[in-house]
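Heads up, the thing below is written out as C-alpha cells.
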Amino acid sequence: MATVLLPVPRLDFDPSEVAVSWKVLTQLGHRVVFATPDGGVARGDGLMLSGQGLDIWGWIPGARRIVAVGRALRADRAARAAYEEMERAAEYREPTSWAAASLEEADGLLLAGGHRARGMRSYLESPRLQELCVEAFARGVPVAAICHGALLVARSVDPSTGRSVLYGRTTTALTWQLERTAWRLARVTRFWDPTYYRTYVEAAGQPPGHMSVQAEVTRALRDPADFRDVDPSEPNARLKRGGRARDSLLDERPAFVVREGNYVSARWPGDVHTFAKRFAEMLPAHAAPTGSPAVHGER
C-alpha cells in the first residue's frame, strides 16, 4: 500500500479531479492523506457539483434549480457519487495542514485543479505547496498533476537551477481550447460573474489567452513543443478534443494523459479516471483492476 499526499484549497477545488482520484487510488488499495491550508475540512466547487447557477436564469432564486447548460458542465454521475462518498471518509474529514504536510512518509504527490479564483488562487500561489513540488521532484517521488494542478507544478522553481521543475520535461494541462470554450459559454449563461471560468484574466495589452493555464505552463518549459495536446491524427482524437466526452474506469478513449518518468499529467475532469490509474501504476504495490483496458491517448 502506498501513501499519497493530496493537498487541496479550503474552497473551490474541482470535485471530479479530487474525488475520482481519491476513489480510484483507494480502490486500488492505496492510502490518501488530505492537506488543507489550516487543517480544516475542505469543500469543492458547488457549481461543479450541482450545475445550479450555470444557466442564464441561475441568479433567480427558485429558478436556479432548473439545470440545463449546468447539466453538461457539472461533474458527471460517477464523480458526484465519488464526492459524496469521499465526504464521509475519515481521511477527508481529518486532513493535515499544508504547513504540517510532509513527503517523509508519502510515496506520491497528487495535485488536482479547479478554476474558481475565490478559492484556487491561494492554492496555486502557495509557497509551501511549491516547496513540496520541488522536494518531490528532487527526491524522485511520483507526482501527478491535472488541469490547474499542472500550473502549480510549473510555478514551483528549483532554487538550485532557478527554473521550474517542469523545465526540460513534457507535460499537458488544461488547454486553452478547453478553457476558452467553457469561459465563452459561462460568461454568457453566468453573465453576472463573467470570469467564473478564468482563474486569471489578461491585463490591458496582453493577447487573448496570455494568462491561460496552457500559456503560463508553456512559458515555464524549455521548449514550447514540450507542452503536449492531442494530435489530430491519433485514434479517437475528435472524442478527446471535443470537451464533452469523459472517460470512465473502463473506457479510456476520451482521455489524454502524458507521462514522463516520475511525472504524469492530464488536462481536465474528462481525463481523471485514466489519470488516476496511470498514477497508481507509478506507486509501490500497485494492483491493476481486473479487465482494465489499454491506455488510449497516453504519451
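Computed from the coordinates by the stated procedures, all read-outs in this text should not be read as laboratory data. Because the structure is predicted, anything quoted here is derived from the model rather than measured. Here the Cβ is made from the backbone with ideal geometry for all residues, glycine too, and neighbour counts use every protein chain on show.
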Fill in: Charge sum, other residues only, whose C-beta stays under 15 Å from Ser50's C-beta, Lys/Arg counted +1 and Asp/Glu -1
+2
Discussion item. Starting from 0.36 nm per residue, how many nanometres of slack lie between Ile66 and Val201 once their C-alpha separation is accounted for?
Written reply: 45.7 nm
Discussion item. Between the range 132-149 and the range 109-124, how far is it from one alpha carbon centroid to the other, in angstrom?
Written reply: 15
Item to complete: Can you tell me how much longer the chain between Ala81 and Arg121 gets when fully stretched, taken as 0.36 nm per residue apart minus their C-alpha distance, in nm with one decimal?
Response: 11.7 nm
Practice prompt. Find how much the distance from Arg184 to Ala89 grows on full extension, using 0.36 nm per residue of separation minus their present alpha carbon separation; answer in nm with one decimal.
Written response: 30.6 nm
Worksheet item: How would you rank 197-209, 168-180, highest first, on the average number of other Cβ atoms within 10 Å across their residues?
Response: 168-180, 197-209
Worksheet item: Which whole-percent values make up P(r) of the chain when all C-alpha to C-alpha distances are grouped in 5 Å steps starting at zero?
Response: 1, 6, 12, 17, 20, 18, 14, 8, 3, 1, 0, 0
Item to complete: For the range 37-51, take each phi angle, set θ = phi - 60°, evaluate the Karplus expression 6.51 cos²θ - 1.76 cosθ + 1.60, and give the result in whole Hz per residue in order, putting x for glycine and proline.
Response: x, 10, x, x, 6, 8, 9, x, 5, x, 5, 6, 8, 8, x
Worksheet item: Which order do peptides 154-166, 17-29 fall in by mean Cβ count within 10 Å, highest first?
Response: 17-29, 154-166
Discussion item. Taking 8 Å as the Cα distance limit and 6 or more residues as the minimum spacing, I'd like the relative contact order of the range 3-281 as a percentage.
Written reply: 20
Worksheet entry | Mean ellipticity per residue at 222 nm, deg cm²/dmol - from DSSP H runs of n ≥ 4 across the chain, formula -39500 (n - 2.57) | -9500 deg cm²/dmol
Discussion item. Taking θ = phi - 60°, what integer Hz values does the Karplus form 6.51 cos²θ - 1.76 cosθ + 1.60 yield along the range 105-116, in sequence order, with x for Gly and Pro?
Written reply: 10, 9, 9, x, 10, 10, 10, 8, x, x, 10, 6
Worksheet entry | Spatial separation of Cα centroids for the range 171-230 and the range 65-97, in angstrom | 24
Response to the item:
Of the candidates Leu174, Ala203, Pro269, the farthest towards the positive dipole end of the range 3-281 (Lys/Arg Cβ +1, Asp/Glu Cβ -1, centred on the Cα centre) is Ala203
Practice prompt. Express the Stokes-Einstein translational diffusion coefficient of the range 202-280 in µm² s⁻¹, to the nearest whole number, given a Kirkwood radius over alpha-carbon pairs, 4 °C and a viscosity of 1.567 mPa s.
Written response: 93
Worksheet item: Could the peptides 54-60, 30-36 be put in order, highest first, of the mean number of other beta-carbon atoms found within 10 Å of their residues?
Response: 30-36, 54-60
Item to complete: Could you size up the charge dipole of the chain around its Cα centre, putting +1 on the beta carbon of Lys and Arg and -1 on that of Asp and Glu, and report it in debye to the nearest 20?
Response: 960
Practice prompt. Would you mind classifying the range 9-134 by shape? Square roots of the alpha carbon gyration tensor eigenvalues, ordered a ≥ b ≥ c; an a/c under 1.5 is rounded, otherwise it is prolate if a/b is larger than b/c and oblate if not.
Written response: prolate
